[in-house]
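The values are calculated or read from the model by the stated rules, or taken from the named source; none is laboratory data. Just so you know, these numbers come straight off a predicted model, no measurement behind them. Here the Cβ is made from the backbone with ideal geometry for all residues, glycine too, and neighbour counts use every protein chain on show. Heads up: the accessible areas ignore ligands, DNA and RNA and are worked out on the full protein's heavy atoms, side chains in. Shrake-Rupley method; radii C 1.70, N 1.55, O 1.52, S 1.80 Å.
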Amino acid sequence: MKPFTFKQFEIQQSKDVFRVGTDGVLLGALANVSEASNVLEIGTGTGLISLMLAQRNSQAEFLGIDINEEAVNLTEQNFENSPFHSRLKNIHQDFKTFETDIQFNLIVSNPPYFESSNSEKDKIARQTVELNFRQLISKSSTLLTENGIFSVIIPIEAGNDFIKIAAENQLFLIKRINIKGIENSKAKRLILEFSLNEKPLEEQEFIIEKSPRQYSDQYLELTKEFHVFRK
């Protein structure tokens, strides 16, 4: 499978691991990494999100975990071949049994949300059987520093349930980005950011395409340091 080339790094891909997609790019470009020094990514896939965050923050240390051994091997390869390799670590680990003494000031995830699927990679990466929202949220809340941020991208249909479960785990919604696939359409994805400290909610709208196969100015500006746009 062809690699996906960004300006500062390259992503090797595999038929057994989810390929580079818009959701990962958006979280990698929009998650609040500016103040982070210790970052955890849950479910690294190819390592895309951590690599983008490492490009945006030149000081932070990153730990990625994934239950899929193929994904871990791919991420390790992509981390090692990047200019940020000294700050990136990845391990084969089920988040449900993950234990550490480290507290993180940013936790990011593009979590599982398909209920069922036929392919093995989908079963591992997208079934709620492996890691449901409640498990993801409750464990993440215990790994955050006092001022840390928990940042996810999820389908808009799952938003209310996710926010409710987060509140039950003393995580306050501090930022909500409503993502539209195309202008004048309904939002299809949400980037949600939570904190253990209550703050005024910041809400934004983000549009990926202004017309079919034509990226919006907003998307082009957001990703200009990453994407190699061919003219």
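For R189, the shell of other residues with beta-carbons less than 12 Å away shows a net charge of +1, using +1 for Lys and Arg and -1 for Asp and Glu. Using a probe of 1.4 angstrom and keeping all protein chains present, the accessible surface of the range 31-116 works out to 42 square angstrom per residue. Here the accessible area of the chain is 45 percent carbon and sulfur, with a 1.4 angstrom probe and all protein chains present. Dipole check for the chain: with +1 at the C-beta of Lys and Arg, -1 at the C-beta of Asp and Glu, and the Cα centre as origin, the magnitude is about 780 Debye. When the charge dipole of the chain is built from unit charges on Cβ atoms (+1 for Lys and Arg, -1 for Asp and Glu) and taken about the Cα centre, the candidate among V20, S82, S50 whose Cα reaches farthest toward its positive end is V20. Under 20 Å of direct C-alpha separation, and excluding same-chain neighbours fewer than eight residues apart, K15 reaches these lysines: K2, K121, K123. By its C-alpha gyration tensor, with a ≥ b ≥ c as the square roots of the eigenvalues, how is the range 1-51 shaped: rounded for a/c under 1.5, else prolate for a/b larger than b/c, else oblate? Cα axes put the range 1-51 in the prolate bin.
Summing +1 for each Lys or Arg and -1 for each Asp or Glu among the other residues whose beta-carbon sits under 14 angstrom from that of E168 gives +2. Of interest is the spacing of the C-alpha centroids, which for the range 51-85 and the range 148-208 amounts to 24 Å.
Mind checking the per residue accessible area of the range 150-197 for me, 1.4 Å probe, whole number of Å²?
On the way: 2020 Å² over 48 residues.
In whole numbers, the range 150-197 has 42 Å² accessible per residue.
Determine the shape class of the chain: with a ≥ b ≥ c the square roots of the Cα gyration tensor eigenvalues, call it rounded for a/c under 1.5, and otherwise prolate if a/b is greater than b/c, oblate otherwise. Rounded is the answer for the chain, as its axis ratio a/c remains below 1.5. Label-to-label distance, E198 versus H92, with points set 7 angstrom from Cα along the beta-carbon direction: 4.5 nm.
Pairs exceeding a 19 Å alpha-carbon distance, out of K175/K199; K199/K224; K188/K210: K199/K224.
Amide H to amide H, with H built 1.01 Å from N, F206 comes under 5 Å of N178, I179, K180, counting only residues 5 or more places away or on other chains.
Summing Lys, Arg as +1 and Asp, Glu as -1, what charge do residues with Cβ under 13 Å from the Cβ of F226 carry, F226 excluded?
On the way: positive: K7, R56, K224; negative: E10, E221, E225.
Neighbour charge sum, excluding F226 itself: 0.
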